[in-house]
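To start, the structure under review is shown below, and the notes come after it.
The values are calculated or read from the model by the stated rules, or taken from the named source; none is laboratory data. Predicted, not measured: the structure shown is a model, and the values here were computed from it. Note that each Cβ is placed from the backbone with ideal geometry, even for glycine, and that neighbours are counted across all protein chains shown.
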Amino acid sequence: MGLLDKLSGWLGLRKKEVNVLCLGLDNSGKTTIINQLKPANTPGQEVVPTIGFNIEKFKSSSLSFTVFDMSGQSRYRNLWEHYYKESHAIIFVIDSSDKLRMVVAKEELDTLLSHEDICSKKLPVLFFANKMDLHDAMSSVKVSQMLCLETIKDKPWHICASNAIEGEGLKEGVDWLQGNARAFIMLYYCHCVVK
Amino acid sequence: MIKKFDKKDEESGSGSNPFQHLEKSAVLQEARIFNETPINPRRCLHILTKIIYLLNQGEHFGTTEATEAFFAMTRLFQSNDQTLRRMCYLTIKEMANISEDVIIVTSSLTKDMTGKDDVYRGPAIRALCRITDTTMLQAIERYMKQAIVDKVPSVSSSALVSSLHMVKMSYDVVKRWVNEAQEAASSDNIMVQYHALGLLYHLRKNDRLAVTKMLNKFTKSGLKSPFAYCMLIRIASKLLDETEGGHDSPLFDFIESCLRNKNEMVVYEAASAIVHMPNCTARELAPAVSVLQLFCSSPKAALRYAAVRTLNKVAMKHPSAVTACNLDLENLITDSNRSIATLAITTLLKTGSESSVDRLMKQISSFVSEISDEFKVVVVQAISALCQKYPRKHSVMMNFLSNMLRDDGGFEYKRAIVDCIISIIEENPESKETGLAHLCEFIEDCEHTVLATKILHLLGKEGPRTPQPSKYIRFIFNRVVLESEAVRAAAVSALAKFGAQNDDLLPSVLVLMQRCMMDSDDEVRDRATFYMNVLQQKQKALNAAYIFNGLSVSIPGLEKSLHQYTLDPSEKPFDMKTVPLATTPITEQKTEIAPVATSKLPEKLAPSRQDIYQEQLAAIPEFQGLGPLFKSAEPVQLTEAETEYVVRCIKHTFSRHMVFQFDCTNTLNDQLLQKVLVQMEPSESYEVLHYLPAASLPYSQPGSCYTLVRLPDDDPTAVSCTFSCTMKYLVRDCDPNTGEPDDDGYDDEYVLEDLEVTVADHIQKVLKPNFGAAWEEVGDEFEKEETFALASVRTLDEAVKNIVSFLGMQPCERSDKVPENKNSHILFLAGVFRGGHDTLVRARLALADGVTMQVTVRSDEETVVDVILASVG
């Protein structure tokens, strides 16, 4: 890819491709969220626990996203790190009705953010406090408190409440992600070119 | 200089393989572009090809680097390029065992296999099944069931074949897919039907009843696929073979009916199945042979080849049936396809009469240079079989073989010829000299070390006993001058044998030996020095012990004993008698039947059966003080076939004790046996010291229990004894399906057949290549002689067999083979008695009304001689 192509990419003449990792504990709704974001041609498909990962693609108004929808089961979580290096943004999904495992989610998040491939980069992290339709769900503020999100200083982050089954809240999150991912990717490529 | 470079370039350029000089690290470096976005399918494809190429070249990938490359590859799933995706499947399959965490692609593959794109579905199933283990199989079970009954043939076939592979891993899960497989078996697609039948069979093959049912069903309903038909024929003939079903069984009728099938493949399969059945009558063979005969004149080369190859195989078993095809085979002699011609000729050689041999040999020598080595070996095998049939023809054969020996050819081919010549020499004493002469000529220009050493060994053995031994010396000494170390060493050993046996040659041999002592190689020098010193003593006994008859101990055993000795040094010198003896390979006797088969003898240094037992027994603490294992007998069955429990016994003899190893198998699936031991009641003064029970014996898993017995010290002549055996155990009933046993059980016992200990259990076979020398070596100090009349035997052959099996000693000098039409015979037997006493037996047999036998026994211990004579009487 020549420099000219890159320039045209920056100027927004072409849709930039962004690699997004979708992480979170098992049964938090990652695959359901991604299915909602996909162009709606395969509705009603039954969602089964992911083993390993799935690759999905969808587009927003200015970016084209390639999402690595990772399995959230505990025994596969150590496989996430294989995909950290080349990702440009992270979506972290939390089951906001699962108070019990909030500590587990926090622990996974801390491990993720302190990983050497992640901590040095200013990639944007989008949190979905999912399953807000359930009556015992916590508010997004409460979730962010429990995960101590305010301690994340070096990365842009955003939390929004969502209901993946109905698709509520997803649009807001993706819009935020789009803006921040663009900024990140510009920086990333500038960095590459300078190097 | 420039020219040299050019040549090099040409050489490297001549191989059109673009992947020739790939560097693993470079390729793995390149694999990093998998991580780039967007993906460049063409470049990635090329790199994947390189990786697979390297893997198939046997390049070793470390787990870390393989895993890294694998995970980088998983990113390629985001591309929708069809070729790239299918290349990913291939890579997944190749790397399934070398990379970690390959299950990461499970969801991606399940997505592809259930997707809309049929091109992806089959390969995805196959890749998925390669990375799945038993625990993961449950998760994809639903998809597999759907795929088996899918209407797209490639998907269904993939699923069936993958299931077949997984049967090995998780039988119980795959077994649940039987209904789906059943449905697929009625598919219209020939491949799907074939694969479904294969899966069904493998799921049921351990259950004979179910297989029979399945066969009945399919033979009645009929199948579309010729492949499936062939499979059915194979299953049916296997079942017939196992059940020893008569030829009136419906299965046989089915196979015979397939001879009238429309498809040639099915017809051939049926004919081949019938022809290969044991004990087929001529009437049953006839239709099958006539079908093969028909194929012999088919315009299709493949059919002619198949037919003639099958006929060739059965020619030995049913020569008369194949004779019917002689005319057709004659036509095939000149077939333009040399493979067919060769097989036709060799078949005719097997079936034809003695008079046609010359003509056929002439025909075959006209094109022997045009056929491949593999078929030349077939020719040699036919010749060697022929030599046994018509010993008088050996001069023709020998000429032919020596011509073949001069031609170019690979190792296997040369080895077959050499083996064949050696077997002719052993069969026909009158051909010995010509044979040896041909072999001598061959080693003058022989590039195969193994063959050269083999021939030198033979020369050493046979040469000294020919009328003119001196003429071989030149050939042997030439080897010392010209060849590699191994051949030189073998030549030195051969020379020594000439010196030891021929007194008039001894001075010259000593001179040659002296020259060999100057050799550059250690082994050659050592051997020469050793033989030199032995020969200079001029003692027959020394010659016999150290030149003719080498070490008779087991090599791994010697190694272990020496190692033990160095670990635990003592004042005492190392005692050779503590080393377990080598068991004479059983194949030794087979040489007469299949001379060429001996070439497939296992490598000498592989631990023998006895070495394995030695190790197993040494691991049991109770048996550690027993010293080295002296002999392990062949297993004896103590139960009838197909009883509730199957028990066989292996007798292990030590210098003062015997250990009886009982291998028990429980064939009742509703019982779990515990604390299994075999109680033994001796008839003589043998003393049972210790029982070592088998802790538990689940259904169909063999287990061993042991009994330790002390041999009577005070009476060394008590060598035979009868034990009555009873198996005692605790029974716990269990659920046949789950194998879950009940909590409590009850004691029970089971009476086994009596076990005999005979004199043969105290004697280990030892092959003395030169019996005469060994006889002199032992000397006549304790020689005893007695004459017996064997009234019950009618032929010499029978008598020899009886004596050999009774004494359990090794026949030497091929004396176990009684020449035809002779009234007297001398049998030489060699062995080592328990305690390490060399024992030799010479039995002169004479055939009058019954057989009269004069037995002479020599040993270095008087009691041994008495024991043997007493046991014969």
In this structure, does A:M146 turn out to be buried (at least 18 other Cβ atoms within 10 Å of the Cβ), farther than 20 Å from A:I34 by Cβ and of a type outside the set (S, T, N, Q)?
no
Within segment B:129-151, residues within 12 Å of another protein chain (Cβ to nearest Cβ), under 24 Å from B:M191 (Cα atoms) and without any contact (Cβ under 8 Å) to a residue 12 or more places away in the chain come out as B:R142
Does any residue of segment B:116-123 turn out to be within 14 Å of chain A (Cβ to nearest Cβ) and exposed (fewer than 15 other Cβ atoms within 10 Å of the Cβ)?
yes
Could you grab the pairs with beta carbons closer than 8 Å, sequence gap of 6+ or different chains, first residue in segment B:562-576 and closer than 17 Å to B:G627 by Cβ, second one of a type in the set (S, T, Y) and surrounded by 10 or more Cβ atoms within 10 Å (Cβ to Cβ)?
B:F574/B:S561; B:F574/B:Y565
Any idea which of (1) of a type in the set (A, V, I, L, M); (2) facing another protein chain (nearest Cβ under 10 Å); (3) more than 22 Å from B:Q146 (Cβ to Cβ); (4) within 41 Å of the chain's Cα centre (by Cα) is the one B:L76 doesn't satisfy?
(4)
Which numbered condition B:V793 fails, given (1) surrounded by 21 or more Cβ atoms within 10 Å (Cβ to Cβ); (2) in contact with a Gly (Cβ under 7 Å, 6 or more places away or on another chain); (3) under 30 Å from B:K389 (Cβ atoms)
(1)
Do we have any residue at all in segment B:395-416 that's buried (at least 18 other Cβ atoms within 10 Å of the Cβ), at pLDDT below 85 and among the polar types (S, T, N, Q)?
yes
Do we find that B:V766 is over 14 Å from B:R842 (Cβ atoms) and either β-branched (V, I, T) or in contact with a helix residue (DSSP H, G or I) (Cβ under 9 Å, 6 or more places away or on another chain) (or both) in this structure?
yes
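Does segment B:124-135 hold any residues that are in a helix (DSSP H, G or I) and surrounded by 15 or more Cβ atoms within 10 Å (Cβ to Cβ), and which are they? Spell out how you get there, then give the answer.
In the first step, residues of segment B:124-135 are kept if they are in a helix (DSSP H, G or I); the result is B:124-131, B:134-135.
Result: B:A124, B:I125, B:R126, B:A127, B:L128, B:C129, B:R130, B:I131.
Looking at B:E433, B:E462, B:E447, B:E426, which one is over 22 Å from B:M316 (Cβ atoms), buried (at least 18 other Cβ atoms within 10 Å of the Cβ) and either of a type in the set (D, E) or in contact (Cβ under 8 Å) with a residue 60 or more places away in the chain (or both)? If you could, list the steps in order and put the result at the bottom.
Working: B:E433 fails: buried (at least 18 other Cβ atoms within 10 Å of the Cβ); B:E447 fails: buried (at least 18 other Cβ atoms within 10 Å of the Cβ); B:E426 fails: over 22 Å from B:M316 (Cβ atoms).
Testing whether each residue is over 22 Å from B:M316 (Cβ atoms), buried (at least 18 other Cβ atoms within 10 Å of the Cβ) and either of a type in the set (D, E) or in contact (Cβ under 8 Å) with a residue 60 or more places away in the chain (or both) leaves just B:E462.
Name the residue, out of B:E634, B:E640, that is farther than 15 Å from B:E753 by Cα and either surrounded by fewer than 20 Cβ atoms within 10 Å (Cβ to Cβ) or touching a His at 6+ places or on another chain (Cβ under 9 Å) (or both). Show your work before the answer.
Working: B:E640 fails: farther than 15 Å from B:E753 by Cα.
That would be B:E634, the only listed residue that is farther than 15 Å from B:E753 by Cα and either surrounded by fewer than 20 Cβ atoms within 10 Å (Cβ to Cβ) or touching a His at 6+ places or on another chain (Cβ under 9 Å) (or both).
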B:T347 vs. criteria buried (at least 19 other Cβ atoms within 10 Å of the Cβ) and either among the hydroxyl-bearing types (S, T, Y) or modelled with pLDDT under 80 (or both)
yes
Restricting attention to segment B:44-73, report how many residues are more than 14 Å from A:E86 (Cβ to Cβ), touching a helix residue (DSSP H, G or I) at 6+ places or on another chain (Cβ under 6 Å) and either basic (K, R) or at the interface with chain A (Cβ under 10 Å from one of its Cβ atoms) (or both).
2
For segment B:837-873, which residues satisfy the criterion of being within 25 Å of B:L629 (Cα to Cα), among the small types (G, A, S) and surrounded by fewer than 18 Cβ atoms within 10 Å (Cβ to Cβ)?
B:S871
Can you name the residue in segment A:115-173 that is in contact with a strand residue (DSSP E or B) (Cβ under 7 Å, 6 or more places away or on another chain), among the charged types (D, E, K, R) and in a loop (DSSP other than H, G, I, E, B) and is also nearest to A:V20 (Cα to Cα) among such residues?
A:K155
Could you pull out the residue among A:A129, A:A164, A:A181 that is under 25 Å from A:S74 (Cα atoms) and touching a residue at least 40 places away in the same chain (Cβ under 8 Å)?
A:A164
From the options A:K38, A:K57, residue that is within 23 Å of A:L123 (Cβ to Cβ), surrounded by fewer than 19 Cβ atoms within 10 Å (Cβ to Cβ) and facing another protein chain (nearest Cβ under 9 Å):
A:K57
Can you name every residue in segment B:28-43 that is away from every other protein chain (no Cβ under 13 Å) and loosely packed, with under 13 Cβ neighbours inside 10 Å?
B:Q29, B:R42
Return yes when B:L90 is at pLDDT 90 or above and within 13 Å of chain A (Cβ to nearest Cβ) and no when it is not.
no
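Give B:V450, B:V487 a once-over and let me know the one that is farther than 20 Å from B:C812 by Cα and in contact with a helix residue (DSSP H, G or I) (Cβ under 6 Å, 6 or more places away or on another chain).
Working: B:V450 fails: in contact with a helix residue (DSSP H, G or I) (Cβ under 6 Å, 6 or more places away or on another chain).
From the options B:V450, B:V487, the qualifying one is B:V487.
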